[in-house]
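This report concerns only the one structure given below.
The values are calculated or read from the model by the stated rules, or taken from the named source; none is laboratory data. What you see is a predicted model; the values in this text were computed from it and never measured. Heads up, the Cβs are rebuilt from the backbone with ideal geometry, glycines too, and the neighbour counts pull from every protein chain shown.
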Amino acid sequence: MNKSITGRHFELTDAIKAYADGAIDSLKKYHLDIISANTVISANEKNGKKGFTTEFIVNLKDKNTIVITQNDKDVYAAIDLAIERVKKSLRRHADKIKGHRIMSFKDLGSEAEAVLEQLDYVEQIEPEIVPMDLELHKPLDFDEAIEALKAEKKRQFIVFNDEEGLMRVMYKRADGKFGLY
């Protein structure tokens, strides 16, 4: 991970740099691929009141970037508050990545109902050898493949040759439309 700590409008001391560096190092526990972490600490003065602004820019793999800006009177407090917000964002990002797993076939929803019914049907019957109609093995074109799928009730897919001579697969979807590989 590339780290950069920059001070704007004031001189960064070694203690502040070490504190910000330690805060950035604490981000490694989330096991995300952090490409770089840039920290910009700037002093600002509004209406005669001095304060500090800390900005963390964390670049993750897959073009994800987290930018957090925090204002406070004390530079250490600004770093603490900003790093806590960065940690919260990284936790949410990690949970989002881990939460997108499909646990079972039933979690797919209504699109998988036809496949589940087919699997239940296949489990109930004993395997037997069925002779195939040789007419089905002749090369079909696109229109013939659509007509063959419309005519068949049990057949799920059919293989045919397209205009370029490539083998393609047409299949029936659960919603009654046709898909093409």
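Side notes on the structure shown:
- Looking only at segment 42-62, and only at residues there that are under 34 Å from the mean Cα position of the chain (by Cα) and surrounded by 15 or more Cβ atoms within 10 Å (Cβ to Cβ), the one that is nearest to L32 (Cα to Cα): L60
- Checked against (1) under 24 Å from the mean Cα position of the chain (by Cα); (2) surrounded by fewer than 16 Cβ atoms within 10 Å (Cβ to Cβ), L27 passes all but a single condition, namely (2).
- For T65, the test of being in a strand (DSSP E or B), out of contact with any Phe, Trp or Tyr (no Cβ under 8 Å at 6 or more places or on another chain) and exposed (fewer than 14 other Cβ atoms within 10 Å of the Cβ) is passed.
- Pick from segment 75-88, criterion surrounded by fewer than 17 Cβ atoms within 10 Å (Cβ to Cβ) and not acidic (D, E), ranking: nearest to H9 (Cα to Cα): Y76
- Each residue in segment 140-181 was checked for being of a type in the set (A, V, I, L, M) and either modelled with pLDDT under 70 or in a helix (DSSP H, G or I) (or both), and 8 pass.
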